[in-house]
Structure formats: structure tokens, C-alpha cells
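Asks: A single structure is presented below for examination.
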Amino acid sequence: MVIERLVEAARRAQATAYAPYSKFPVGAAVLAEDGRVFPGCNVENSSFGLTVCAERNAVAAAVVAGARPAAVAVVANGPAVAPCGACRQVLAEFAAAMPVILATSTGGDRQVTSLDALLPGAFVFKRP
Ligand code: THU
């Protein structure tokens, strides 16, 4: 099942996270329109503000491979976490109502929501 495939990819990505400062590894996996899956993990930096979240790294991996994000899974330790505001806006670029699956690193619990529920009123650039 595609949800399980995505969650497993996000879990594997979480194991590669570079999070020496927060010690909060996050994994994400983007399902592309063409069925391919692209993992991403958070990559922190000594200059904290340069940290990039797992979701945005997964989106970048998809785009550089010529794919377009259609769904995303996010895995963290403890209670499931939803993408931060910046990542919601980045995901909305590709599919305003994409499914968002929230899972944990170990448990079988899944929350399935959608980006339009998480980010009503996303900014969309329109040339004035
Ligand atoms: N983080 C993500 O990678 N994705 C999220 O959705 C929330 C936060 C990362 C950023 C930082 O490396 C750590 O989690 C703590 O904020």
C-alpha cells in the first residue's frame, strides 16, 4: 500500500537526519505524480537559521529528478509532527490539497490529513 511505502521511506530517511543541535531527527518522503518516492531528512547547521527541514529536502530531491510532489509522509520521534509553516507553503506550490501522512518512528499510528486543511489561504503569486 502506498501509505506504508511512503512511511517506510520516511523512516529510513529519518535515520539519516543530521540533527546534532536539536537531537530531533525528522524524515520525510514525497510521493511524486509518477509514483516515484523521494526521501528527505532535516539537515541542521551551526548557524541554526540555515537548518533545512526534512520536507523541503524531499521536495528538492523530487524536483531535481524531474518529478512533481503529490503527497508527503513525515516521521518524527514521540507524537507525530505536522510540517512547519514554511514547509507547508513549499509543498503547496505543487498540490494545494495533497495528502499529508503523519507517522512516528516506531508506532503504527497514522494520521492522514491534507495540505489545504493545514494551510488554508496559501500564498499564490499572481502578477499584478
Ligand atoms: N523539522 C523538520 O525537519 N520538519 C518539521 O516538520 C518540523 C521541524 C526539523 C527542523 C530542526 O532540524 C528540528 O526539526 C527541530 O526543529
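Asks: Whenever you get a sec, compute what percent of the accessible area on the chain sits on carbon and sulfur atoms (1.4 Å probe).
Replies: The nonpolar share, carbon plus sulfur, comes to 60 percent.
Asks: Over region 2-115, what is the relative contact order in percent, taking alpha-carbon pairs closer than 8 angstrom and at least six residues apart?
Replies: 23
Asks: Shifting gears a bit: Give me the Debye-computed log₁₀ of I(q)/I(0) at q = 0.11, 0.19, 0.21 Å⁻¹ for region 2-115, equal point scatterers on Cα only, no solvent, two decimals.
Replies: Each listed q maps to, in turn, -0.29, -0.88, -1.08.
Asks: Where does the chain land at 222 nm, in deg cm²/dmol rounded to the nearest 500, when only DSSP H runs of n ≥ 4 count, each adding -39500 (n - 2.57), divided by all residues?
Replies: -8000 deg cm²/dmol
Asks: Also, I was wondering about something else. With the alpha-carbon atoms as the only input, what is the per residue convex hull volume for region 78-128 in Å³?
Replies: 77
Asks: Something else: Probe of 1.4 angstrom, ligands and nucleic acids ignored: what's the accessible area per residue over the chain, in square angstrom?
Replies: Here the residues of the chain average 53 Å² of exposed surface.
The values are calculated or read from the model by the stated rules, or taken from the named source; none is laboratory data. These numbers were taken from a predicted model, which means no experiment stands behind them. Side chains are part of the model used for accessible areas, which takes the heavy atoms of the whole protein and leaves out ligands, DNA and RNA. Shrake-Rupley method; radii C 1.70, N 1.55, O 1.52, S 1.80 Å.
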